[in-house]
Structure formats: C-alpha cells, structure tokens
1. Given (1) in a loop (DSSP other than H, G, I, E, B); (2) modelled with pLDDT of 95 or more, identify the lone condition not met by Ile290.
2. Exactly one condition in (1) open to solvent by less than 40 Å² (accessible area, probe 1.4 Å); (2) assigned to a loop (DSSP other than H, G, I, E, B); (3) of a type in the set (A, V, I, L, M) is false for Ile117; which is it?
3. Among the residues that make up segment 205-215, is at least one of them surrounded by fewer than 20 Cβ atoms within 10 Å (Cβ to Cβ), over 19 Å from the mean Cα position of the chain (by Cα) and free of Cβ contacts under 8 Å to residues at least 12 places away in the same chain?
4. Could you tell me which numbered condition Leu91 fails, if it satisfies all but one of (1) within 17 Å of the chain's Cα centre (by Cα); (2) part of a loop (DSSP other than H, G, I, E, B)?
5. If only one of Phe219, Phe241 is more than 15 Å from the chain's Cα centre (by Cα), farther than 29 Å from Ser68 by Cβ, open to solvent by 10 Å² or more (accessible area, probe 1.4 Å) and hydrophobic (A, V, I, L, M, F, W, C), which one is it?
6. Does Pro58 qualify as being under 29 Å from Gly249 (Cα atoms), open to solvent by less than 20 Å² (accessible area, probe 1.4 Å), assigned to a loop (DSSP other than H, G, I, E, B) and in contact (Cβ under 8 Å) with a residue 24 or more places away in the chain?
7. When the residues of segment 69-105 are narrowed to those that are surrounded by fewer than 17 Cβ atoms within 10 Å (Cβ to Cβ) and among the hydroxyl-bearing types (Ser, Thr, Tyr), which ends up nearest to Asn125 (Cα to Cα)?
Amino acid sequence: MGVRQILPFVVFLLSTLLIFHKSEASHSMGADITYICNGNGQYAVTLKFFRDCDGIDPGNTATINYQSASCGVNNSINLTLQGSPIDITPLCPGQNSNCNGGVGIYGVQQYTYIGTITLPPSCGNDWVLSYGTCCRNNAITTLNGPANQDFYVQALLDNTITLCNNSPTFSNPPTAFICNGQNINYNHGVVDPDGDSLVFSLGACLQGNGMPVNYAPGFSGTAPLSATGLTINPVNGSLNFTPTGNQVGVLCIKVEEFRNGVKIGEVVRDMQFYVLTCTNNLPVISGIAITNSFL
C-alpha cells in the first residue's frame with residue numbers, strides 16, 4: 001500500500017530549526033480574531049496571538065479597532081490577557097522550547113485576549129474588527145523586507161441579522177513545522193457554533209486595512225509557498241501540497257460564513273509555515289485485508 005502522511009507537521013526534528021534562529025526576531029508569528037454574540041449588540045471578542053519566544057512580550061492587553069462606515073463608528077477597545085501564555089511548541093518527550101527561559105532553540109506561545117464591545121443596535125452589516133502591530137518576522141523568505149512590514153489581521157461582522165451570529169473558531173494551533181519534499185495535509189480545525197455554511201480560501205496577508213503585504217517575486221496570497229500542487233478544500237479548509245525547498249512563508253486562510261445563502265461574517269488566520277529538511281520516514285500502512293464476509 002502507498003505511503004501516506006497522517007500528521008500535519010513533524011514534531012521531532014526541531015533541532016533543524018537552528019538555521020532559522022535569529023536574535024532580531026519580531027514576536028509576531030500569527031493571529032486570528034473571533035467573536036461570540038451576547039445579544040443587544042454586545043459581542044465578546046477574542047484575539048489569539050501567536051508569539052515567537054525569541055521576540056518581545058506582547059503585554060497584558062491588546063488593542064482591537066472596530067469600525068463601520070454605514071454606522072459612522074470608528075472606535076477601539078483594549079482586550080485583556082486571559083491567564084498566562086501557553087507554550088504550544090510541538091515537542092517530543094525530553095525536548096524543551098526556549099519560552100519562559102527554556103533551553104530550546106525555538107518556541108511558540110499562544111496569548112489569548114478577550115474583551116466586550118457594544119455596537120449600536122441592529123446597525124451595520126459592514127463591521128471590521130482588526131488588530132495590527134509591528135512587525136513581521138525577519139526570517140520570512142517569501143516577502144520583500146519582512147521586518148519592514150507590519151502585521152495586521154481582521155474579522156467581519158454583520159450586526160443587522162435577526163438571530164445574532166457567533167463567528168467560526170479555529171481549534172488547531174498554527175504550529176506548522178513541515179518537511180521539505182513530503183506531501184502535507186494541514187487542517188485548522190475550524191468549527192461554527194451556529195452550524196452556518198463555511199467557505200475556505202487563500203488570500204493575501206495584510207500589513208494594514210486594504211494593504212496587502214509585499215510578496216517576493218513568485219509568491220502571492222494564493223501561492224504563498226514554494227510548493228507543487230498547493231490546493232485548499234473550499235468545504236473543510238484542508239491544505240494539500242508538497243513543499244519544494246526550505247523556507248519560511250506567511251499564509252492567510254479566509255473563512256467566509258453564510259446563512260441561507262447570505263454572507264454574514266468572515267474570519268482570517270494569519271500564520272507562518274516553516275519548511276525544514278527532515279530525515280524521518282513517513283508511516284506505511286500495510287497488512288489490511290478487506291473481505292465481504294458477514295456475521
């Protein structure tokens with residue numbers, strides 16, 4: 001039987017990340033904004049921020065801007081860090097990250113910020129919730145001058161629908177350390193609490209509202225990595241591709257939300273993919289016999 005990769009990323013070869021280790025690293029590795037409707041125009045907004053532990057601490061608060069042209073509102077709120085940051089570095093037993101003074105050469109932390117915004121009742125189907133910070137990681141190889149480009153992520157919200165909406169959420173952390181030359185199938189584990197229809201696509205990452213990042217030649221929002229056969233399943237969001245060459249690329253996945261055929265929201269995850277040289281053997285499935293016998 002053929003060889004098939006059954007894990008989204010390889011967790012036991014982080015020592016090879018030394019080629020990407022950097023003293024001048026930005027702390028921004030990725031982020032996404034989601035929201036829960038509390039009724040009466042109130043929404044609990046969550047920012048998940050993914051920090052490179054080589055960079056600075058993002059702090060105990062994060063500023064979210066929320067604006068609607070149709071309602072004439074442009075405001076902001078400080079979200080509060082919930083608990084302590086979580087080390088989400090994919091590690092094998094006995095390995096350590098470099099988070100919290102660890103001795104590893106690399107580390108990724110998840111910071112979760114939450115706050116509540118109150119919007120004018122039943123006003124605006126064009127709300128934009130956004131978060132921006134400086135700067136992108138200088139190790140990125142798919143952008144021109146990445147350290148000179150800001151980091152920006154947003155979500156869209158419709159506050160006019162009768163049954164207020166909860167956004168889709170991402171259940172899998174974006175710690176994508178993958179192997180050069182090996183087929184990858186990566187899924188963010190997006191779920192929608194309201195059971196609305198979701199459509200997935202790749203799009204340009206942003207450095208500001210309506211301002212795409214400056215990609216290096218040969219790269220774009222729909223071609224964010226040097227890879228063959230890169231596709232995204234529009235129904236479940238699974239990415240499938242085979243990387244060609246060691247690289248650090250930024251990728252933005254857009255999740256559009258539809259109810260009764262009408263778009264009612266959108267969330268975006270901005271993240272980094274690390275492509276490494278690996279020496280592991282992919283798992284082999286064999287010895288499975290299928291029969292037509294019945295009990």
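1. (2)
2. Just one mismatch for Ile117, condition (2).
3. No, there is no match, as no residue in segment 205-215 is surrounded by fewer than 20 Cβ atoms within 10 Å (Cβ to Cβ), over 19 Å from the mean Cα position of the chain (by Cα) and free of Cβ contacts under 8 Å to residues at least 12 places away in the same chain.
4. Of (1) within 17 Å of the chain's Cα centre (by Cα); (2) part of a loop (DSSP other than H, G, I, E, B), only one is false for Leu91: (1).
5. None of the others qualify; the one that does is Phe219.
6. So Pro58 fails the test.
7. Ser70
The values are calculated or read from the model by the stated rules, or taken from the named source; none is laboratory data. Because the structure is predicted, anything quoted here is derived from the model rather than measured. A quick note on method: Cβ atoms are made from the backbone with ideal geometry, for glycine too, and the neighbour counts reach across all protein chains shown. For accessibility, only protein heavy atoms count, side chains too; no ligands or nucleic acids. Shrake-Rupley method; radii C 1.70, N 1.55, O 1.52, S 1.80 Å.
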